[in-house]
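The next block holds one structure in the form of structure tokens; read it before the comments.
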Amino acid sequence: MSKRKAAGALTALLAVSMLTGCTAAAGEIIRIGHNQSTGHPTHIALTAFERFIEQQLGEKYDVEVYPSELLGSQNEMVQLTQTGAIHFCVASNSLLETFSPGYSLFNLPYLFASAEAYHAAMDDEGITGPIFTSTRQAGFAAVTWIDAGARSFYTVSRPIETPADLKGLKIRTQQSPTNVEMMRLLGGSATPMGFGEVYTALQARVIDGAENNEMALTDNGHGDVCKYYSYDMHQMIPDILIGNTAFLDGLPAEDRLIFEEGFALVNTVERAEWSRAVEQAKKKAQQEQGVQFLYPDTAPFQQACAPLHHSMLEAQPELEPIYEAIQAYNALYPSSARQGGEDE
């Protein structure tokens with residue numbers, strides 16, 4: 001992040017602090033930032049965390065949740081969490097890949113055979129634990145994962161039925177080397193940018209489309225511009241709630257246990273809200289925005305992306321046991337008919 005952006009994020013944080021400082025409780029203020037709207041499952045889950053912590057430890061902590069990039073972009077919020085200027089933020093797994101190569105595993109296209117395999121693997125601490133703690137040296141660690149559904153392509157004017165349809169299109173991707181390489185293999189042109197910039201870029205035709213879950217169509221208005229949503233379901237990537245390690249390590253043991261319960265609550269509430277919200281989003285996108293949902297054969301997409309699995313395991317052989325553990329869940333929960341509608 002540039003010094004100018006960092007300064008801007010810190011200025012925004014100070015401004016918010018001045019506005020809220022006069023009404024804050026006597027306890028330590030705990031700031032949590034994310035980039036979704038107040039109606040998004042992520043925000044609903046974090047406000048449940050806020051209520052829980054204040055009910056249990058209200059005399060010690062005053063939790064404040066800031067949605068919609070009020071504290072800056074995800075890049076900026078991660079840096080603020082690193083330094084301890086804020087305590088927690090929600091970061092995309094793809095962004096965290098730049099801090100720890102272990103996160104690249106979860107970015108692999110078609111890593112999970114089904115939503116059931118995805119959820120089971122992410123609930124397995126033997127799989128997530130080594131990766132979630134791998135950024136401690138950077139000043140933060142993951143405290144829970146957040147379901148962000150399955151990612152698929154959506155475009156302004158060209159339906160995507162096969163990888164060949166992506167040729168010549170500029171597609172917004174998350175800012176990770178894995179996603180950029182995925183687009184190269186599929187024949188499109190990756191255009192990494194912050195999530196908050198996507199709507200304007202679509203309107204201005206700076207990009208031809210993006211890839212995300214159904215919520216992006218309605219909650220972020222992308223369906224006002226993009227009229228084709230193709231369920232290629234190339235990735236099931238979690239979002240990650242990260243916390244400043246100095247703050248976490250400094251919590252009294254009894255408080256840390258309460259916070260751990262709160263982190264589990266975030267996961268439980270968000271997953272329940274996600275299922276409901278996605279069904280509503282798909283209905284709204286079809287009926288109000290005129291989005292056409294397509295169900296292409298995913299096999300050609302999987303075949304095109306297969307080299308990423310091989311190259312990642314060659315580059316990071318230490319991840320192979322975790323990869324194989326995920327394959328065991330895939331065998332236990334194989335893909336059924338493609339699950340469009342099940343899921344930034």
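Values as computed for the structure displayed
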quantity: Summed residue charge, Cβ within 13 Å of Gly84's Cβ, Lys/Arg positive, Asp/Glu negative; calculated: -1
quantity: Ser157/Lys283 FRET efficiency (R0 25 Å; Cβ-Cβ; nearest 0.05); calculated: 0.60
quantity: Rounded, prolate or oblate (a/c below 1.5 giving rounded, otherwise prolate when a/b exceeds b/c) for segment 187-237 by Cα gyration tensor; calculated: rounded
quantity: Segment 50-141: GluC sites (Glu not before Pro) in DSSP coil with no more than 11 other Cβ atoms inside 10 Å; calculated: Glu59
quantity: Span from the segment 71-141 Cα centroid across to the segment 182-247 one, whole angstrom; calculated: 17
quantity: Hydrodynamic radius (Kirkwood) for segment 89-155, which is based on Cα pairs only, to one decimal in Å; calculated: 12.8
quantity: Label point at Arg184 placed 7 Å out along Cα→Cβ; residues across segment 307-327 whose backbone nitrogen lies under 12 Å; calculated: 308
quantity: Simple spin-label estimate for Glu197 and Ala315 in nanometres, 7 Å along Cα-Cβ; calculated: 2.2
quantity: For Thr191, residues with placed amide H under 5 Å, excluding near neighbours; calculated: Ile171, Arg172, Thr173
quantity: nm² value of the averaged projected area, convex hull over the Cα atoms of segment 41-94; calculated: 4.1
quantity: 3J(HN,Hα) from dihedral phi, segment 269-284, Karplus parametrisation 6.51/-1.76/1.60, rounded to Hz, x for glycine, proline; calculated: 5, 5, 5, 5, 5, 4, 4, 5, 5, 5, 4, 5, 5, 5, 4, 5
quantity: Cα shape, segment 51-202, gyration tensor, a/c 1.5 rule; calculated: prolate
quantity: Surface accessible to a 1.4 Å probe, Leu308 within the full protein complex, Å²; calculated: 10
quantity: Whether segment 227-344 is rounded, prolate or oblate, judged on the alpha carbon gyration tensor where a/c under 1.5 counts as rounded; calculated: oblate
quantity: Amide H contacts under 5 Å for Tyr228, placed H, 5+ residues apart; calculated: Thr155, Gln292
quantity: Paired Rg and Dmax values of the chain, which use every Cα atom, in angstrom; calculated: 19.7, 59
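The values are calculated or read from the model by the stated rules, or taken from the named source; none is laboratory data. Model, not experiment: these values are computed from the prediction. We place every Cβ from the backbone using ideal geometry, glycine too, and count neighbours over all the protein chains shown. Just so you know, the surface numbers come from the protein's heavy atoms only, side chains and all, with ligands and any DNA or RNA stripped out. Shrake-Rupley method; radii C 1.70, N 1.55, O 1.52, S 1.80 Å.
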